[in-house]
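Attaching a single structure in structure tokens format; questions to follow.
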Amino acid sequence: MSLHSDILVVGAGPAGLSFAAELAGSGLKVTLIERSPLSVLQNPPYDGREIALTHFSKEIMRRLGMWDNIPENEIYPLRDAKVLNGRSDYQLHFPQPTEARGEPADCLGYLISNHNIRRAAYEVVSQLDNVSILTDTAVKEVKASDNEAQVILENGDILTARLLLAADSRFSQTRRQLGISSDMHDYSRTMFVCRMKHTLSNRHTAYECFHYGRTIALLPLEEHLTNTVITVDTDKINSVQNLSPEELAASVKEQLKGRLGDMELVSSIHHYPLVGMIAKRFYGKRSALIGDAAVGMHPVTAHGFNLGLSSADILAKLILEAEQRGQDIGASSLLEKYSNKHMLHAHPLYHGTNMMLKLFTNETAPAKLLRGLVLRAGNNFPPLKKLITKQLTG
């Protein structure tokens with residue numbers, strides 16, 4: 001069987017679905033190819049990950065109809081953020097901003113569970129007449145020529161289009177088959193994520209605690225409920241995995257010096273190996289990369305989905321503009337323009353994050369000294385703090 005679309009998207013995760021939502025009412029025929037079953041798209045399981053969204057991401061999601069699909073009581077405001085280093089109580093503090101994107105702001109951003117974002121995106125796209133989703137479908141091979149892009153499915157069906165998008169994770173096989181190389185960075189660390197209740201208020205403040213040996217990030221949900229992210233060197237994962245729920249909660253309380261009072265594990269625990277990736281370029285012949293297939297961030301900056309959403313937004317706007325002008329939506333000039341524009345933000349953020357992580361996970365004596373100096377410089381040099389806050393709020 002052969003099926004032709006205007007655009008083929010490999011991967012119906014949040015980035016792929018968001019891109020499809022951008023093309024609502026455009027008349028462009030979009031086909032998404034997804035390995036997961038339909039039931040997973042309709043009702044994604046909780047996976048422990050809480051996504052920090054900027055004000056810009058909120059604007060995009062609201063325009064696409066995704067924001068209103070998320071239960072209001074599961075959108076958690078992030079008022080301010082603090083960074084701690086080693087055994088010191090000194091804090092780099094990013095306070096509640098006075099405005100974001102020209103509007104009054106009462107928070108740095110918003111925390112929403114990954115499964116809620118996925119469900120909201122699917123609910124929008126499932127209502128679009130110009131979008132089809134092939135679920136339970138695996139891709140065998142992708143090809144791209146001067147005239148068309150082609151996807152060969154494992155069942156032998158051949159799909160063709162004017163443009164092919166890879167949105168199939170930072171380990172994208174589509175990207176590899178398109179011959180687009182990437183810079184992959186294995187941090188050799190593993191992240192454990194879970195929800196914990198506690199007796200003291202988190203004041204809707206996020207904490208990144210770069211303690212020696214084990215890093216803890218605290219993402220405030222309800223006042224007495226926090227998403228707790230524990231990161232350890234991968235060869236030390238048993239120091240977390242072998243703990244009972246009570247022992248884990250007690251160890252977190254001890255590491256936080258009782259900052260949140262008594263802790264109690266109230267969710268399942270999920271763990272993920274930490275690997276970062278950025279593609280050398282975000283396009284190929286009649287093809288482009290969006291979401292994590294373009295750049296997969298370390299979660300410390302909480303910018304992964306924000307970048308993915310931005311990539312979908314940038315590319316969709318260029319495509320809609322070209323289509324309205326009767327131009328080729330798969331032209332190299334268009335795709336290069338998208339790549340350059342997205343790279344302008346993604347490249348410094350990716351490499352800047354890696355530089356910060358290299359410093360704040362280095363426990364030599366000179367590095368420890370420099371870590372403390374960096375936090376103080378961040379607090380006492382207003383232009384730097386303002387720049388970082390702008391990144392946090394989008």
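The values are calculated or read from the model by the stated rules, or taken from the named source; none is laboratory data. All of these numbers come straight from a predicted model, not from anything done at the bench. All Cβ positions, glycine included, derive from the backbone under ideal geometry; neighbour counts span all protein chains shown. Remember, those area values only see protein heavy atoms, side chains included, never the ligands or the DNA or RNA. Shrake-Rupley method; radii C 1.70, N 1.55, O 1.52, S 1.80 Å.
Out of all the residues in segment 39-63, which are small (Gly, Ala, Ser) and over 17 Å from the mean Cα position of the chain (by Cα)? Please lay out each step first, then the result.
Taking segment 39-63 first, the residues small (Gly, Ala, Ser) are 39, 48, 52, 57.
Within segment 39-63, just Ser39 meets the criteria.
Next question, about the same structure. For segment 100-109, state whether one or more residues are within 22 Å of the chain's Cα centre (by Cα) and open to solvent by 50 Å² or more (accessible area, probe 1.4 Å).
yes
Turning to a different aspect of this structure: Please identify the pairs in which a residue from segment 52-75 that is part of a helix (DSSP H, G or I) has its Cβ atom under 6 Å from the Cβ atom of a residue that is among the polar types (S, T, N, Q), counting only partners at least 6 apart or on another chain.
Close Cβ pairs satisfying both conditions: His55/Thr393; Ser57/Asn306; Glu74/Asn116.
Given the options Asp233, Asp186, name the one that is among the acidic types (Asp, Glu), within 20 Å of Arg87 (Cα to Cα) and at pLDDT below 95.
On the way: Asp186 fails: within 20 Å of Arg87 (Cα to Cα).
Going through Asp233, Asp186 in turn, the sole match is Asp233.
Moving to a separate point now. Got a number for residues in segment 284-296 being in contact with a strand residue (DSSP E or B) (Cβ under 7 Å, 6 or more places away or on another chain) and either open to solvent by 10 Å² or more (accessible area, probe 1.4 Å) or not in a loop (DSSP other than H, G, I, E, B) (or both)? Show your work before the answer.
Quick first cut of segment 284-296, residues in contact with a strand residue (DSSP E or B) (Cβ under 7 Å, 6 or more places away or on another chain) only: 284-290, 293-296.
If we keep only those that are either open to solvent by 10 Å² or more (accessible area, probe 1.4 Å) or not in a loop (DSSP other than H, G, I, E, B) (or both) as well, we get 284-289, 293, 295-296.
Total satisfying the criteria: 9.
Identify, by number, the condition in (1) part of a loop (DSSP other than H, G, I, E, B); (2) open to solvent by 30 Å² or more (accessible area, probe 1.4 Å); (3) at pLDDT 85 or above that Asn340 doesn't meet.
(1)
Look through segment 20-43, keep the residues that are among the small types (Gly, Ala, Ser) and part of a loop (DSSP other than H, G, I, E, B), and return whichever of them is nearest to Ala121 (Cα to Cα).
To start, the set of residues in segment 20-43 that are among the small types (Gly, Ala, Ser) comprises 20-21, 24-27, 36, 39.
In the following step, the residues that additionally are part of a loop (DSSP other than H, G, I, E, B) were identified as 24-27, 36.
Details: Ala24: 13, Gly25: 16, Ser26: 18, Gly27: 19, Ser36: 15 Å.
Once the filter is applied, the top-ranked residue is Ala24.
Given the criteria surrounded by 19 or more Cβ atoms within 10 Å (Cβ to Cβ) and either in contact with a Cys (Cβ under 9 Å, 6 or more places away or on another chain) or in a loop (DSSP other than H, G, I, E, B) (or both), does Leu243 qualify?
Details: surrounded by 19 or more Cβ atoms within 10 Å (Cβ to Cβ): no; either in contact with a Cys (Cβ under 9 Å, 6 or more places away or on another chain) or in a loop (DSSP other than H, G, I, E, B) (or both): yes.
No: the conditions fail for Leu243.
Restricting to segment 101-154, name every residue that is under 19 Å from Leu53 (Cβ atoms), among the charged types (D, E, K, R) and not in a strand (DSSP E or B). Full working, then the answer.
Pass one, segment 101-154, residues under 19 Å from Leu53 (Cβ atoms): 101-125.
Restricting the remaining residues to those that are among the charged types (D, E, K, R) gives 101, 103, 106, 118-119, 123.
Result: Arg101, Asp106, Arg118, Arg119, Glu123.
Which residue, of Leu163, Leu92, Leu84, is of a type outside the set (Phe, Trp, Tyr), modelled with pLDDT of 95 or more and either surrounded by 17 or more Cβ atoms within 10 Å (Cβ to Cβ) or not in a helix (DSSP H, G or I) (or both)? Can you show your working first?
Values: Leu92 fails: modelled with pLDDT of 95 or more; Leu84 fails: modelled with pLDDT of 95 or more.
Unique residue meeting the criteria: Leu163.
Looking for whichever is of a type in the set (Ser, Thr, Tyr), modelled with pLDDT of 75 or more and in contact with a strand residue (DSSP E or B) (Cβ under 9 Å, 6 or more places away or on another chain) here; the options are Thr361, Thr389, Thr393. Which one fits?
Exactly one residue qualifies, and that residue is Thr361.
When you check Ile314 against the structure, is it part of a loop (DSSP other than H, G, I, E, B), buried (at least 16 other Cβ atoms within 10 Å of the Cβ) and at pLDDT 80 or above, yes or no? Steps first, please.
Values: part of a loop (DSSP other than H, G, I, E, B): no; buried (at least 16 other Cβ atoms within 10 Å of the Cβ): yes; at pLDDT 80 or above: yes.
No: the conditions fail for Ile314.
This table checks each residue for (1) closer than 25 Å to Ala144 by Cα; (2) not aromatic (Phe, Trp, Tyr).
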site	(1), (2)
Gly296	yes, yes
Gly308	yes, yes
Lys317	yes, yes
Glu321	yes, yes
Gly326	yes, yes
Ala331	yes, yes
Leu335	yes, yes
Tyr338	yes, no
His345	no, yes
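Hey, among Asp80, Asp68, Asp47, Asp6, which residue is touching a Pro at 6+ places or on another chain (Cβ under 9 Å) and of a type in the set (D, E, K, R)?
Numbers: Asp68 fails: touching a Pro at 6+ places or on another chain (Cβ under 9 Å); Asp47 fails: touching a Pro at 6+ places or on another chain (Cβ under 9 Å); Asp6 fails: touching a Pro at 6+ places or on another chain (Cβ under 9 Å).
Among Asp80, Asp68, Asp47, Asp6, only Asp80 is touching a Pro at 6+ places or on another chain (Cβ under 9 Å) and of a type in the set (D, E, K, R).
Looking only at segment 205-228, decide whether some residue is in a helix (DSSP H, G or I), of a type in the set (Lys, Arg) and at pLDDT below 95.
In the first step, residues of segment 205-228 are kept if they are in a helix (DSSP H, G or I); the result is none.
Looking through segment 205-228, none of the residues is in a helix (DSSP H, G or I), of a type in the set (Lys, Arg) and at pLDDT below 95.
Ala365 - would you say it is of a type outside the set (Asp, Glu), under 30 Å from Asp233 (Cβ atoms) and more than 22 Å from the chain's Cα centre (by Cα)? Quick ask: steps written out before the conclusion?
Details: of a type outside the set (Asp, Glu): yes; under 30 Å from Asp233 (Cβ atoms): yes; more than 22 Å from the chain's Cα centre (by Cα): yes.
It is true that Ala365 is of a type outside the set (Asp, Glu), under 30 Å from Asp233 (Cβ atoms) and more than 22 Å from the chain's Cα centre (by Cα).
Please work out which one of (1) more than 20 Å from Ser310 (Cβ to Cβ); (2) buried (at least 22 other Cβ atoms within 10 Å of the Cβ); (3) modelled with pLDDT of 90 or more; (4) under 20 Å from the mean Cα position of the chain (by Cα) is the condition Pro77 fails and give its number.
Checking Pro77 against (1) more than 20 Å from Ser310 (Cβ to Cβ); (2) buried (at least 22 other Cβ atoms within 10 Å of the Cβ); (3) modelled with pLDDT of 90 or more; (4) under 20 Å from the mean Cα position of the chain (by Cα), the one that fails is (2).
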